[in-house]
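Note sheet for the following structure.
The values are calculated or read from the model by the stated rules, or taken from the named source; none is laboratory data. Note that the structure is a prediction, hence the values are computed from the model and not measured. Cβ placement follows ideal geometry from the backbone for every residue including glycine, while neighbour counts extend to all protein chains displayed. Surface accessibility is based on the protein's heavy atoms, side chains included, excluding ligands, DNA and RNA. Shrake-Rupley method; radii C 1.70, N 1.55, O 1.52, S 1.80 Å.
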There are 2 protein chains.
Amino acid sequence: MSKLYTQMSREELMSEKALLEKRYTDFKAKNLKLDMSRGKPGADQLDLSNGINTVVEDYVVDGVDYRNYGVLDGIPSCKELFAELMGVEAKNVIIGPNASLQLMFDYISQCFTHGMGSTPWCKLDKVKFLCPVPGYDRHFTICEHFGIEMINIPMNEEGPDMDAIEELVEDESVKGMFCVPRFSNPSGIVFSDAVVERIASLNPAADDFRIIWDNAYCVHALEEDAPKLLNIFDILPKYNNEDMVVEVCSTSKITFPGAGVSAIIASDNNIAMIKKRLNAQTISYDKMNQYRHVAYFKNADGILNHMKKHAKILKPKFDIVLHHLENELGSKGIASWVEPKGGYFISLDVYDGCAKRTGELCKEAGVTLTTVGATYPYGVDPHDSNIRIAPSYPPVHELDLAAELLCICVQLAVIEKLTNE
Amino acid sequence: MSKLYTQMSREELMSEKALLEKRYTDFKAKNLKLDMSRGKPGADQLDLSNGINTVVEDYVVDGVDYRNYGVLDGIPSCKELFAELMGVEAKNVIIGPNASLQLMFDYISQCFTHGMGSTPWCKLDKVKFLCPVPGYDRHFTICEHFGIEMINIPMNEEGPDMDAIEELVEDESVKGMFCVPRFSNPSGIVFSDAVVERIASLNPAADDFRIIWDNAYCVHALEEDAPKLLNIFDILPKYNNEDMVVEVCSTSKITFPGAGVSAIIASDNNIAMIKKRLNAQTISYDKMNQYRHVAYFKNADGILNHMKKHAKILKPKFDIVLHHLENELGSKGIASWVEPKGGYFISLDVYDGCAKRTGELCKEAGVTLTTVGATYPYGVDPHDSNIRIAPSYPPVHELDLAAELLCICVQLAVIEKLTNE
């Protein structure tokens with residue numbers, strides 16, 4: 001059993017450091033160029049879906065030519081596919097563009113230009129959003145683009161801190177919140193049933209308070225027994241809150257990022273308001289691609305079976321990283337993490353004030369991490385402790401090296417910190 | 001040579017009417033169900049591009065995997081393709097989503113939420129747009145969605161009335177104008193060199209006045225000798241007006257409507273502002289589809305040759321309609337039209353106050369026209385005279401019937417009008 005770094009003497013730390021520096025120098029000599037920065041699928045994962053390109057021979061279905069104009073909200077079979085997968089009715093689904101990010105951006109944009117049966121947000125002095133942290137940088141980028149003031153909400157193993165949220169929504173300038181409820185980006189946790197229930201029962205001061213339920217990893221389990229997420233749309237009616245949640249999902253990490261199909265799921269009211277805007281924004285999204293997806297997967301089971309193939313590729317990659325973390329950082333009191341049962345990330349929290357330095361050391365030795373701080377609004381991690389690890393993209397042998405190096409860098413950064421204090 | 005209806009006696013008109021009513025009744029007996037309402041390509045036109053679905057075998061190009069995330073503004077080869085086609089530099093091109101309508105909507109939306117280096121339009125009391133009429137209903141829908149006040153600008157055979165435009169842009173609440181400069185929707189005319197020059201030289205009071213140059217039919221000629229359009233980006237610098245024009249185009253009517261590739265072309269300044277928004281809105285548009293288009297066409301000549309095949313299908317359809325118009329309505333003083341050399345429409349102007357009635361008569365006999373009035377802002381044609389004919393979608397034999405019936409209905413409507421006055 002290792003000794004806690006904080007209980008080591010200066011001499012013990014310096015001798016640890018010397019060993020680590022030797023290993024670090026050896027790594028640098030390898031001239032590595034490794035990337036653990038983005039949640040990109042590996043090429044082998046993309047190969048799993050190549051068949052989708054040639055699966056359709058005839059795009060005329062029930063007399064409708066999917067190569068031509070029309071069908072604003074998505075082809076019926078694709079709406080059915082997502083409805084089955086997400087446990088909702090097809091009438092509450094709109095099939096969107098190639099990725100769900102645009103659905104979220106466009107929805108927030110509509111809130112600003114038109115409101116949601118309310119005053120357009122652009123007419124208000126201040127719009128605030130609650131941001132569970134660590135979180136997804138692109139949610140923060142949308143908020144920043146629209147000048148939304150972001151308020152950090154700490155995440156725990158059950159989801160965001162609900163006490164804080166329940167208090168803050170009493171401010172009517174607090175208009176919304178982005179969440180990744182299953183296999184959260186980056187923490188990997190799944191919102192507990194209790195948290196989902198408390199979210200569904202919120203009573204915000206703002207009538208047009210909106211939760212963007214970004215279910216990006218809804219079917220992205222790494223293990224059969226990964227925790228399930230309650231379907232929030234089953235619970236919202238109990239609290240008369242149907243309009244409060246807008247869910248998005250996509251096939252970006254099922255088929256192809258950038259060439260997938262996205263969907264937005266919402267109450268009848270919200271769907272009507274979104275369609276009103278869509279009617280001015282587009283004639284239809286890409287129905288040929290929608291149909292390819294339907295023809296390839298056929299039904300929700302088709303997707304779930306496909307996801308097992310992804311898991312088979314991804315699980316060993318997560319295991320390698322977790323092995324190194326446990327092996328090098330376990331029981332030293334300098335880092336913590338949750339072992340994720342799905343999703344694309346491992347969220348590593350290191351000793352306060354050491355995350356940026358860890359990122360620098362990694363970079364110097366040829367390993368790119370997600371920009372440290374990016375998991376917080378405005379890129380500012382107040383504790384400088386969170387590092388998002390994205391194990392999916394590098395091949396296994398590169399990941400093995402990168403993860404080991406990361407662990408060395410964490411230890412070096414912490415020792416630097418402790419010995420300078 | 002026919003006599004002008006306005007010079008006929010009541011008895012002459014009534015005897016004409018009796019003949020027309022007989023023909024109309026015969027038509028009704030056929031129980032037709034024909035559609036000349038939308039500018040949709042026919043199935044035979046769509047078949048021309050089927051090869052695009054299977055042209056690419058490997059999506060990894062120069063080490064970049066087009067199946068994965070990234071490449072915000074379009075793959076280099078697709079930017080080059082559009083740059084060559086439109087006569088601009090690739091750095092001034094962004095490849096967009098499946099259709100250009102969304103590019104236009106999103107651009108106007110950005111003007112409202114963020115402005116263009118100017119006060120966001122949502123902060124202004126009044127935003128007005130100039131609308132050449134007859135025009136494209138979806139441009140008007142975008143304006144209406146954002147509460148933009150629309151001002152009719154009459155079109156003539158050279159383009160919009162430039163005297164009116166030059167006067168109106170002195171009002172700084174006039175913020176923009178949508179145009180279809182080549183084979184205008186619906187009039188079919190091509191803006192003359194003189195008009196393009198006058199547009200490029202405008203000196204609007206609003207610094208952020210923007211012309212959306214919707215070049216939807218840029219390569220959609222029906223004949224080899226169809227009039228060319230000046231490249232407005234060659235002229236704008238002379239007047240220091242590079243930022244005033246934002247051009248869009250797409251392959252919607254080159255390959256597949258709804259599954260094509262769009263592009264936005266703009267000055268360095270405008271491109272930078274659009275990219276800033278895109279960076280929050282999406283990770284990339286569909287690069288696989290972009291690459292399919294590049295692989296299929298290779299270069300601008302590839303597209304131009306492909307368009308000749310479209311013309312071969314479309315030209316006979318336009319000829320049938322024009323034949324009926326000339327044959328039935330020529331020299332009667334009750335209708336006028338311009339023979340288009342490209343595009344998707346024939347714009348028919350009938351005797352004032354008779355367009356709606358013509359539409360009703362057609363509908364009663366089983367022929368659907370574009371909703372009469374739709375070619376004007378708010379759906380209100382002040383003269384009730386314009387009918388947009390879309391000959392592309394029906395098969396030739398149906399079109400032959402529909403065009404003949406339309407001509408009968410025009411004559412009946414005019415006689416009704418003249419004999420009731």
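Taking the condition surrounded by fewer than 23 Cβ atoms within 10 Å (Cβ to Cβ) and either free of Cβ contacts under 8 Å to residues at least 24 places away in the same chain or under 24 Å from B:THR119 (Cβ atoms) (or both), does A:ASP125 pass?
yes
If a residue counts only when it is not hydroxyl-bearing (Ser, Thr, Tyr), which strands (runs of 3 or more DSSP E) contained entirely in the range A:317-370 have at least 3 such residues? Write out each step before concluding.
Details: elements: A:335-337, A:346-350, A:367-369.
Strands (runs of 3 or more DSSP E) meeting the threshold: A:346-350.
Restrict the check to the range A:110-127 and report whether at least one residue is away from every other protein chain (no Cβ under 14 Å) and outside any loop (DSSP other than H, G, I, E, B).
The answer is no, given that none of the residues of the range A:110-127 is away from every other protein chain (no Cβ under 14 Å) and outside any loop (DSSP other than H, G, I, E, B).
Among B:LYS79, B:LYS33, which is under 30 Å from B:LEU222 (Cβ atoms), more than 8 Å from every other protein chain (Cβ to nearest Cβ) and crowded, with 21+ Cβ neighbours inside 10 Å?
Working: B:LYS33 fails: crowded, with 21+ Cβ neighbours inside 10 Å.
When all the criteria are applied, what remains is B:LYS79.
Looking at the structure I just gave you, is A:ASP137 within 14 Å of chain B (Cβ to nearest Cβ) and over 24 Å from A:GLU89 (Cβ atoms)?
Details: within 14 Å of chain B (Cβ to nearest Cβ): yes; over 24 Å from A:GLU89 (Cβ atoms): yes.
Considered against the rule, which asks whether it is within 14 Å of chain B (Cβ to nearest Cβ) and over 24 Å from A:GLU89 (Cβ atoms), A:ASP137 comes out as yes.
Here's the yes/no breakdown for (1) buried (at least 16 other Cβ atoms within 10 Å of the Cβ); (2) within 30 Å of B:TYR344 (Cα to Cα):
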site: B:GLU12; (1), (2): no, no
site: B:LYS17; (1), (2): yes, no
site: B:ASP26; (1), (2): no, yes
site: B:GLY39; (1), (2): yes, yes
site: B:ILE75; (1), (2): yes, yes
site: B:LYS91; (1), (2): no, no
site: B:ILE94; (1), (2): yes, yes
site: B:GLY117; (1), (2): no, no
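Please tell me if B:CYS249 is open to solvent by 10 Å² or more (accessible area, probe 1.4 Å), touching a strand residue (DSSP E or B) at 6+ places or on another chain (Cβ under 7 Å) and closer than 28 Å to B:TRP337 by Cβ.
Here the answer is no, as B:CYS249 does not meet what is asked.
Looking at B:LEU369, B:LEU405, can you tell me which residue is buried (at least 18 other Cβ atoms within 10 Å of the Cβ) and farther than 26 Å from B:PRO132 by Cβ?
B:LEU405
Of the residues B:GLU416, B:GLU326, B:GLU404, B:GLU339, only one is out of contact with any Pro (no Cβ under 9 Å at 6 or more places or on another chain) and within 22 Å of B:LYS33 (Cβ to Cβ); which?
Just a single option satisfies the conditions, and that option is B:GLU404.
Does A:LEU401 fit the bill of being touching a helix residue (DSSP H, G or I) at 6+ places or on another chain (Cβ under 7 Å), farther than 24 Å from A:CYS218 by Cα and assigned to a helix (DSSP H, G or I)? Show your work before the answer.
Details: touching a helix residue (DSSP H, G or I) at 6+ places or on another chain (Cβ under 7 Å): no; farther than 24 Å from A:CYS218 by Cα: yes; assigned to a helix (DSSP H, G or I): yes.
No.
Residue by residue through the range A:162-179, note down the ones that are more than 14 Å from every other protein chain (Cβ to nearest Cβ) and open to solvent by less than 50 Å² (accessible area, probe 1.4 Å).
Pass one, the range A:162-179, residues more than 14 Å from every other protein chain (Cβ to nearest Cβ): A:162-177, A:179.
Matches in the range A:162-179: A:MET162, A:ALA164, A:ILE165, A:VAL169, A:SER173, A:VAL174, A:LYS175, A:GLY176, A:MET177, A:CYS179.
Within the range B:271-288, is there a residue that is away from chain A (no Cβ under 14 Å) and under 19 Å from B:MET86 (Cα atoms)?
Among the residues of the range B:271-288, at least one is away from chain A (no Cβ under 14 Å) and under 19 Å from B:MET86 (Cα atoms), which makes the answer yes.
Return yes or no: is B:ILE346 in contact (Cβ under 8 Å) with a residue 12 or more places away in the chain and surrounded by 23 or more Cβ atoms within 10 Å (Cβ to Cβ)?
Yes.
Would you confirm, using the coordinates I've provided, whether B:PHE233 is aromatic (Phe, Trp, Tyr) and open to solvent by less than 10 Å² (accessible area, probe 1.4 Å)? Steps first, answer last, please.
Numbers: aromatic (Phe, Trp, Tyr): yes; open to solvent by less than 10 Å² (accessible area, probe 1.4 Å): no.
No: the conditions fail for B:PHE233.
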